[in-house]
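One structure is given here, and the rest of the page talks about it.
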Amino acid sequence: MEKANESNFKPFVVRTQNIAKELVRTATSYGLKASSLDFNLLNVQTFMSKDGTPGNEEEISSDELATLNDKKLLATPNLTFRQTYEVEINFLCEEDPFSSLLMSIGANPSMSRLFATIKPGSTITYYEGIKKDLKKFINKRKLRANMLIRFWDESLNNEIIKFVASVQVEGTLVVKEKINLEVGECLEPKLTVNDKLIFHFKADDTPDEEAKVDHFNRDFMQGIKKDELLIEYIKPQAGTVGRNCRGVFIEASEPIIAHVPEFSISDKIEVVETDLSTQYVAKESGYIVFENNTYDIQVEMEVTEISFKTTGSIGAGIDTDVSINVKESDVFKDAIGAGMEVEVNEINVDGNVGNNAKIKACKVDIQGQTHQSSYIEADDITINIHKGKVKGVNIEITRLEQGIVEGEIVKIAQASGGKIIAKEVYIDTISSHVDIIARDKIEIKNFKGEENSFTITPILYEDELEGLSDTDEELILQERVVRSIKEEIDTKQKVLDDNARAISDLKKRLAHYKASGTKTPGAFIVKLKEFQNLQIQLVSLNDEYMQAKTKMGLLSQGTKRLQEDILKSKIINHDEYKGHNEIRFRILDPEQELYYVPRGTGANERCFVLKYDEDNETYEISSSEEIS
């Protein structure tokens with residue numbers, strides 16, 4: 001057969017129950033692509049069988065189609081529907097008004113609801129009769145998807161009206177975002193829900209191919225918070241039948257019941273019943289335990305050690321009230337092993353903290369020593385021998401050996417090397433090579449070594465300096481604003497001052513004209529209004545100027561306050577300085593660092609402070625025998 005084309009293809013009429021298959025069959029017969037063919041719908045016949053038997057079908061007239069929306073009828077299992085279509089198959093017309101409307105028919109998983117999706121980039125132009133033609137176009141798309149038409153589509157007309165209204169407004173609508181139109185709805189089924197037991201307190205066990213496997217974390221302890229949902233039993237729920245937009249009945253399966261809870265709970269867990277689930281909620285913070293088929297919440301745990309072999313890392317959380325006592329005290333072993341990470345509310349360690357171990361808590365007590373690569377962070381910290389890094393609020397250390405300490409109040413019995421950054425630092429006995437940076441106070445009772453550095457600074461950390469730099473930049477900008485407003489005020493005030501006599505004369509003349517009943521010249525009135533507007537502007541500018549100056553003052557207070565605070569700071573040594581040591585005071589404005597080397601034996605240098613000479617506007621380090 002000679003390959004057909006638009007010029008020699010002759011349209012023909014056919015009756016079919018599946019238009020999509022008929023188009024494919026025709027395209028194959030004529031050596032064409034199915035996408036090049038179109039059809040005109042000439043007639044539709046709808047048949048229904050109440051018992052599913054083909055011989056018992058009855059034809060539903062157009063007037064009776066609305067009765068097929070009855071939900072009770074649609075839920076009848078043996079009910080069947082089919083449609084027969086009389087169509088004229090022809091070539092697709094490129095001048096079709098919807099040729100640039102990129103539309104596809106989609107459905108929900110059960111195909112009980114249909115949607116026409118108009119893709120971005122589509123264009124459509126308004127014309128008389130577009131509503132009727134668009135409904136035909138959508139129905140043809142539904143037929144290509146083998147869906148039934150002309151019933152179960154109550155929302156279709158409203159959707160078309162709304163869409164065409166937007167087209168009419170634009171004239172030619174260019175679709176910029178995807179548009180969904182609901183074009184069909186039969187009987188949507190309710191899915192059957194099988195029962196399920198969810199352990200919310202457990203970590204997500206779903207494998208993530210991209211995530212790095214954490215071999216150190218074994219979920220040894222599951223930290224929980226008060227009111228946290230721990231376990232949830234999803235109750236079985238029977239589904240309901242449905243019917244899709246092809247007329248196919250959808251059965252509802254019976255729920256599978258296989259996970260009914262058989263465990264018990266303690267009085268620290270509350271049971272909350274809902275229609276859909278049974279919820280087990282924590283009544284207090286702590287960690288969850290399962291013993292003797294009973295779930296309970298506890299707050300204190302005792303272990304011999306925390307290590308890769310035994311517990312793995314522990315991440316209960318600092319806000320879960322969990323307290324751990326680690327009992328390993330052998331000086332040749334690690335109570336907290338290498339690479340372990342511990343996050344609890346409180347931890348007491350009888351022994352040592354190993355290399356690369358990390359502890360984060362509210363309260364920490366370590367009776368052994370910390371490795372130089374270890375890290376500890378808490379509000380309240382007590383350490384026997386410290387070699388690693390510690391960060392906290394109140395920190396007490398028996399012996400500092402080359403470790404790093406960052407805190408607010410730091411108290412050390414003996415310091416032998418290391419670095420300390422804090423608001424206040426108190427040391428009983430200092431040896432050599434200790435670098436101390438403080439904001440308010442450094443106090444030493446016994447001085448045994450040398451090569452120590454003592455620095456007082458209003459800024460302890462870089463992030464504080466960055467914040468201050470931002471404030472300084474804002475202050476500079478605000479100073480420019482104040483200066484600009486002041487210049488504008490001066491300019492306008494000068495205009496008023498220079499024309500004061502002229503304004504006075506003008507007012508007298510206007511008063512004369514008014515008293516004599518003579519018409520006032522328009523130029524006089526315009527001139528007076530100009531001066532009045534200038535006075536109003538000056539009042540507004542003065543208000544703006546005062547507000548700007550207030551803001552500038554607030555911004556400048558930050559640096560000024562810090563500068564004043566450093567004048568109250570002290571470096572106190574109850575003993576005598578030995579060897580070479582350094583005293584430093586850092587100043588913000590003007591930015592500088594004052595440096596002094598104590599003379600040592602016999603010198604009057606118990607207390608160092610910073611003094612400000614108001615006459616010369618300079619700072620100097622001052623020493624005295626007075627400590628208070």
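The values are calculated or read from the model by the stated rules, or taken from the named source; none is laboratory data. Just so you know, these numbers come straight off a predicted model, no measurement behind them. Cβ atoms come from the backbone with ideal geometry, glycine included; neighbour counts cover every protein chain shown. Just the protein is used for accessible areas: all its heavy atoms, side chains included, with ligands, DNA and RNA removed. Shrake-Rupley method; radii C 1.70, N 1.55, O 1.52, S 1.80 Å.
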Exercise. Tell me which residues, restricted to the range 576-621, are in contact with a Gly (Cβ under 8 Å, 6 or more places away or on another chain) and open to solvent by 70 Å² or more (accessible area, probe 1.4 Å).
Key: Glu576, Lys578
Exercise. Would you point out the residue of the range 88-121, among those that are among the polar types (S, T, N, Q), in a loop (DSSP other than H, G, I, E, B) and open to solvent by 20 Å² or more (accessible area, probe 1.4 Å), that is modelled with the lowest pLDDT?
Key: Ser99
Quiz prompt | Check on Ile124, β-branched (Val, Ile, Thr), open to solvent by less than 20 Å² (accessible area, probe 1.4 Å), without any contact (Cβ under 8 Å) to a residue 60 or more places away in the chain and touching a strand residue (DSSP E or B) at 6+ places or on another chain (Cβ under 7 Å) | solution = yes
Exercise. Would you be able to say whether some residue in the range 558-580 is at pLDDT below 75 and more than 30 Å from Leu477 (Cβ to Cβ)?
Key: no
Practice problem: Give the residues of the range 577-609 that are touching a helix residue (DSSP H, G or I) at 6+ places or on another chain (Cβ under 9 Å) and closer than 16 Å to Ile436 by Cβ, sorted by residue number. | Solution: Phe585, Arg586
Quiz prompt | Unique match (being touching a strand residue (DSSP E or B) at 6+ places or on another chain (Cβ under 9 Å), open to solvent by less than 80 Å² (accessible area, probe 1.4 Å), touching a residue at least 40 places away in the same chain (Cβ under 8 Å) and closer than 18 Å to Ser99 by Cβ) among Ile130, Ile179 | solution = Ile179
Quiz item: What strands (runs of 3 or more DSSP E), lying completely within the range 316-382, carry at least 2 residues that are touching a strand residue (DSSP E or B) at 6+ places or on another chain (Cβ under 7 Å) and open to solvent by less than 10 Å² (accessible area, probe 1.4 Å)?
Solution: 323-326, 334-336, 346-349, 363-369
Quiz prompt | Residues of the range 566-589 that turn out to be within 48 Å of the chain's Cα centre (by Cα), among the acidic types (Asp, Glu) and not in a strand (DSSP E or B), as a count | solution = 1
